[in-house]
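Heads up: the structure comes next, in C-alpha cells.
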Amino acid sequence: MMEGDERLGMMEGDERSGMMVGEERSGMMEGEERPRMEGEESDIHTVSLSLLSSVVLTEVIKAFGSPDNAMRMEEARDNACNDMGKMLQFVLPVATQIQQDVIKSYGFSNDGEGVLKFARIIKTYEGQDPEIAAMSAKLKSMFLPPMTVPPHSAGISAS
C-alpha cells in the first residue's frame, strides 16, 4: 500500500470489488485515463471511500448481531459486571475480534492495529456523512457502556 493512501485498507490492485476505490467503470481500456476536471478525482475518491466505509461499517454492525457474536458479547458483559476495568479486560477483546473478522476482508491487518486504523478512518467520515456518524454511534453503543456524568455537588469543595 502506498504511504498516505487511505483506501480503507485495500491493497493496490485489490480485486475484491472488481475495481479500485475511486475507480469508475467507463468502458475505457485498462490503463487508459480520461481527462478529469480540477478537483474531480479527489471528490470521487472521497465519495467512494465514504461509501466503502459505510458498507464495511454495516457489515461490522451485522456481525455484532449474529447469534454467536451476540452470545459472546453478552457473556463478556456479564463477566465485566459493569466495571470499566473489567469491560476493558473482557468486553473490548471480544469486540475487537468481531471487528477484525469483518475488516480483514477489506485489507486491514488482522490485529488490534487494523481495528484502530478502521476506527480512525470512520472517525474521519463521521463529520462528513450523517449516516456514517449514526452507524458509528450504534457500533460504539454495542460494546461501550453509556457514559454517565456524576452529579455535581455544591457541598464538596476542592480544598
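Per-residue answers, yes or no, for (1) at pLDDT below 50; (2) surrounded by 15 or more Cβ atoms within 10 Å (Cβ to Cβ):
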{"position": "Glu6", "(1), (2)": "yes, yes"}
{"position": "Met28", "(1), (2)": "yes, no"}
{"position": "Glu40", "(1), (2)": "yes, no"}
{"position": "Gly65", "(1), (2)": "no, no"}
{"position": "Phe90", "(1), (2)": "no, yes"}
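I need the full set of residues from the stretch 101-113 which are surrounded by 19 or more Cβ atoms within 10 Å (Cβ to Cβ) and touching a Gly at 6+ places or on another chain (Cβ under 7 Å), in order please.
Answer for the stretch 101-113, where residues must be surrounded by 19 or more Cβ atoms within 10 Å (Cβ to Cβ) and touching a Gly at 6+ places or on another chain (Cβ under 7 Å): Ile103, Tyr106, Phe108.
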Output the residues belonging to the stretch 122-136 that are part of a helix (DSSP H, G or I), surrounded by fewer than 19 Cβ atoms within 10 Å (Cβ to Cβ) and not acidic (Asp, Glu). Lys123, Thr124, Pro130, Ala133, Ala134
Every residue in the stretch 57-96 that is of a type in the set (S, T, N, Q) and under 21 Å from Pro146 (Cα atoms), please. Asn69, Asn79, Asn82, Gln89, Thr96
Enumeration of residues in the stretch 74-112 that are more than 12 Å from the chain's Cα centre (by Cα) and charged (D, E, K, R): Glu74, Glu75, Arg77, Asp78, Asp83, Lys86, Asp101, Asp111
Look through Ala119, Ala80 and report the one residue that is closer than 23 Å to Glu131 by Cβ, of a type in the set (A, V, I, L, M) and at pLDDT 90 or above. Ala119
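The values are calculated or read from the model by the stated rules, or taken from the named source; none is laboratory data. Worth saying up front: this structure is predicted, and the values here are computed from it rather than measured. Neighbour counts are summed over all protein chains in view; Cβ atoms, including those assigned to glycine, are modelled from backbone coordinates with ideal geometry.
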